[in-house]
Amino acid sequence: MKKVMLSAVVLTAFTPSAIAEIEPYIGVGVGTVKVDMGGSLASTYPKVGVFRGGATFNQWIGVEGELSMGIASDDSFETRSTSYDYITDVDFKAGGAVFAVGHLPIGDNFSFFGRLGGFLQQTDYKQSIVDNSANQTIASRELEETEHGFAYGLGIDFYIPDSTIGFRLDYTRYDVQAVQDEFDGEFYEARNDATADALTGSLMFRF
């Protein structure tokens, strides 16, 4: 009996009416990411390009994948004395994320949404010490970090009436749970409670 009920549920999910409700979409955008590095370091604001694709299964729920690439790095300054500046350059390389998406539609062309998922990304850091009196870098090192954790956020979608073209504005927080550092060819495991807050605008296309 249980097998019969399970088969009925599976078949119902793939009926023509259920499949007809699936609406795929893609989007491209740019954004700014506020990276909170903790300690006395100031936040940095690297810029990213974003490509996303997903599908809504009905007007309420869907799934979405996201690929990001860094397009501009940013510096964070930490001055410990009048003689030296400690500088960390944050260069976001690339990342990917997968989300479950919940929608709250307002009419046919406007909706609020929330996203919850996980991410994996690579970020390069270059740390330097600058002698202010000579305006010269006296020491530096580079780190490659592979980071992963949870991501969640909110946003709005608006589609032009009677069109497949739309616009999106979204905010996402990325909570880094663990980090693998590569330094001088060696790998190190570490926990990291850093956060990144991304604000992104996108051009969307639905099919």
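A short reminder: the numbers here are calculations on the coordinates, not readings from a lab. Quick caveat: nothing in here was measured; it's all calculated off a predicted structure. Positions of Cβ are backbone-derived with ideal geometry, glycine not excepted, and every protein chain shown enters the neighbour counts.
The HN-Hα couplings worked out from phi for segment 146-155 by the Karplus form 6.51 cos²θ - 1.76 cosθ + 1.60 (θ = phi - 60°) are 9, 10, 8, x, 9, 9, 7, x, 9, x Hz, whole numbers, x standing for Gly and Pro. Spin-label model, T164/T32: points 7 Å from Cα along the beta carbon direction are separated by 3.4 nm.
Other residues whose C-beta falls under 11 angstrom from the C-beta of Q59 contribute a net charge of -3, scoring Lys and Arg +1 and Asp and Glu -1.
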